[in-house]
Amino acid sequence: MYAVADNVYLLKGVPDYLVNVYLVGDVLIDASTRMAEQGLLRQLKGKRLSAHVLTHAHPDHQGASKAVCDAFHIPLRCGEHDAAAMESGDLSAQIPRNLVTRAIDVIWTGPAHPVERTLHEGNEVAGFTVLETPGHSPGHLAFWRESDRTLILGDVARNVSFVTLQTELGEPPTIFTHDIARNRASMRKLAALNPRTVLFGHGQPLRDGARFVDFAASLSA
């Protein structure tokens, strides 16, 4: 893992930047897919974790959540409207149902795990303020640190092409997005913060936050 902002570390993935997991202080944000379980546990070996937090309950973010929580004996926290899905293991209401998501569900979705508490707008996580950003999933969350204008935005936007795997700023794919209009509203909410560093669920960090602000402004309502 390596630093992407003050006290924020990005764990290595396969390939790098395709599915991102962040260690913020002693809190793990997201947990990739079920197939990433062993790789995450190896990278976290020797670390002292206090909690695991999800940006949202999709298979590529909660896949190894139970394994991490069980291994480190830490609580799981997520948005209110994603909690029931995480606790049941049934993510069908969080993501559109189509051939792609059904296949991903079989391969990537992790087991159910209890949610210790739900997070809401204004809560604090490892020095970041919780922001409710529904759209990509009903209970999607982002995390904002005003002191250095660092934004961890999950899948409200992406910074990679899932076709070419090249860097590309864009919206999350519609086939994975619960409510496109609400996600755009959430993106505009985050752009209004004028972030300096933007950290994505998918793609490389963006150091020029103005590009994200301009992209959000270019979208229709």
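What follows is calculated from the coordinates using simple rules that are stated; it is not laboratory data. In this text the structure is predicted, and so the values were computed from the model without any measurement. No Cβ is skipped: glycine too gets one built from the backbone with ideal geometry, and neighbour counts run over all protein chains shown.
Among residues of segment 186-207 being of a type outside the set (A, V, I, L, M, F, W, C) and crowded, with 20+ Cβ neighbours inside 10 Å, the one that is nearest to L219 (Cα to Cα) is S186.
Among the residues of segment 94-149, the one identified as on the phi > 0 side of the Ramachandran plot and either of a type in the set (D, E) or free of Cβ contacts under 8 Å to residues at least 24 places away in the same chain (or both) is G122.
For first residues located in segment 40-68 and farther than 27 Å from N183 by Cβ, partners that are among the hydrophobic types (A, V, I, L, M, F, W, C) and assigned to a helix (DSSP H, G or I) and lie 6+ apart or on another chain with Cβ distances below 6 Å form the pairs L41/A71; L49/F72.
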